[in-house]
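Data first, discussion second: the structure below is written as structure tokens.
The values are calculated or read from the model by the stated rules, or taken from the named source; none is laboratory data. Since the structure is predicted, the reported quantities are computational estimates derived from the model, not experimental observations. Counting neighbours? That spans all protein chains shown, and the Cβs are built from the backbone with ideal geometry, glycine included. Just so you know, the surface numbers come from the protein's heavy atoms only, side chains and all, with ligands and any DNA or RNA stripped out. Shrake-Rupley method; radii C 1.70, N 1.55, O 1.52, S 1.80 Å.
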Amino acid sequence: MEDCVCRAISAATNLKYEAVEKLLELTAEDCACDKLNIHCYHHLLDGTLCYKRYNANGATVGELSARYPDKRLIIRINGHLTCSLYGTIVDIWDCTEKRADVYWIIE
């Protein structure tokens with residue numbers, strides 16, 4: 001799981017993978033939580049990096065990607081983070097049909 005969290009955040013934000021790892025470690029220390037805990041990376045994305053979180057309302061990863069062809073997204077599905085870069089899903093496996101619960105638009 002660590003890899004998908006760091007990979008998705010890194011790809012969508014253009015931060016180096018190692019920088020995302022360090023930010024997660026610092027967030028975990030600050031919040032007294034495991035760095036891969038959902039609340040930890042939510043705090044990093046929502047609080048530290050100030051990205052707005054949206055409810056996916058049952059949309060699939062593919063539907064969200066198609067909805068925002070001009071944006072970078074971080075998308076959460078059950079047990080996984082992925083990203084969409086300008087309408088293209090960037091991941092090591094095809095999660096297009098998986099239902100998302102939340103996503104962040106990276107401006």
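Numbers at a glance
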{"item": "Options Glu97, Glu25, Glu63, Glu29; residue that is in contact with a strand residue (DSSP E or B) (Cβ under 9 Å, 6 or more places away or on another chain), of a type in the set (D, E, K, R) and more than 22 Å from Glu107 (Cα to Cα)", "result": "Glu97"}
{"item": "When residues of the stretch 35-51 are limited to those that are in contact with a helix residue (DSSP H, G or I) (Cβ under 6 Å, 6 or more places away or on another chain) and of a type outside the set (A, V, I, L, M, F, W, C), the one surrounded by the most Cβ atoms within 10 Å (Cβ to Cβ)", "result": "Tyr41"}
{"item": "Residue match in the stretch 45-53 (condition: at pLDDT 90 or above and under 20 Å from Lys98 (Cα atoms))", "result": "yes"}
{"item": "The stretch 1-44: number of residues that are part of a loop (DSSP other than H, G, I, E, B) and modelled with pLDDT of 95 or more", "result": "3"}
{"item": "Complete set of residues in the stretch 52-103 that are part of a loop (DSSP other than H, G, I, E, B), surrounded by 12 or more Cβ atoms within 10 Å (Cβ to Cβ) and over 14 Å from the mean Cα position of the chain (by Cα)", "result": "Ala59, Tyr68, Tyr86, Gly87, Thr96, Lys98"}
{"item": "Every residue from the stretch 1-34 that is open to solvent by 80 Å² or more (accessible area, probe 1.4 Å) and either touching a Ser or Thr at 6+ places or on another chain (Cβ under 6 Å) or without any contact (Cβ under 8 Å) to a residue 24 or more places away in the chain (or both)", "result": "Asn14, Lys16, Glu18, Lys22, Leu26, Glu29, Asp30, Ala32, Asp34"}
